[in-house]
1. If I take all pairs of Cα atoms in the stretch 7-65, what percentage of them are more than 14 Å from each other?
2. Take each of the peptides 177-184, 203-210, average the number of other beta-carbon atoms within 10 Å over its residues, and list them starting from the highest.
3. Could you sort 188-196, 22-30 so that the peptide with the highest average Cβ count within 10 Å comes first and the rest follow in order?
Amino acid sequence: MVAILQKIANSDLFNNFIIGIIIAAGVVVGIQTYPELRNDPTLSLLDSIILWIFVAEVLIKMGSQGSRPWRYFLDPWNVFDFIIVAVCFLPGETSFAAVLRLARLLRVLKLVRALPRLQVLVSALLKSIPSMFYISLLLSLLFYLYGVLGTFLYQENDPVHFEDLQTGLLTMYRVSTLEDWTDVMYINMFGCHEYGYDSSARVPCNEAAAKALVGEDGIAWSAAFFFSSFTLLATMIILNLFIGVIMTGMEEAQKELKGFDGSTSHKDDPRAQLQTLSAQLETLAAELKSVKIPPDDGHAVAGDD
């Protein structure tokens, strides 16, 4: 029985079937976003069938571990699958309705478990988190410094984008994404009375303050340097560090998931092969124990003297 379950769990047909069910689960969840179809009995029946198929998947993989079904939980991806299935059995549709909808949506993430290439991407992101934290800290310091400086320099001229510190920080985030950042720069180069502000602005332009800043303090050159330097540092340099960190994590994840033959298939993963071999040895040992050896009747076969 264990050998049959192992054959099913490791077969391409079974894995492709589960991928199809995951895609179907995603389609059902998408259809249920329409209020008039949310309580449709056909969709509810499909949702129940999909759930029990996932339950059967868990049972098959646990059964393929032989007399040690707990080894199923040694794989973090298996734990992830089990949690998604378990949450769907939470009681009640009233107090846990939002949780149940979220659980049904999370079933789409099982596609990450089913496709090895997606596993590599997710593993790379997880490995990159420590380095990304320090890059995010550096980027936050840069945002804070430029946000404070921008609020001091351009608060009177551009109250829409630098009304206070929190608004200035949000503006610097907008500039880092390159979303119409030149408009913000031109407002502070030429003054709100000349560019960007009209009668529909949330905060009216203080023309007297804008003319004084542009005419006397040389704000045009300072604004050009301010926004150009921030764009260079935040977008061109620091944000590209994220790409470098993720690429490094990608290489490490590929090395870990690489099989003996150079592929990243789960079937060729040494850990998966070791688990399968161990389960097969246990099955063989159990069969040997069940074999009945005839008792010795005391007669020996005599050879020629």
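1. 60 percent
2. By packing density, highest mean first, the sequence is 203-210, 177-184.
3. 188-196, 22-30
Rule-based calculations on the coordinates, nothing more; no lab input. All values reported here derive from a predicted model rather than from experimental measurement. Positions of Cβ are backbone-derived with ideal geometry, glycine not excepted, and every protein chain shown enters the neighbour counts.
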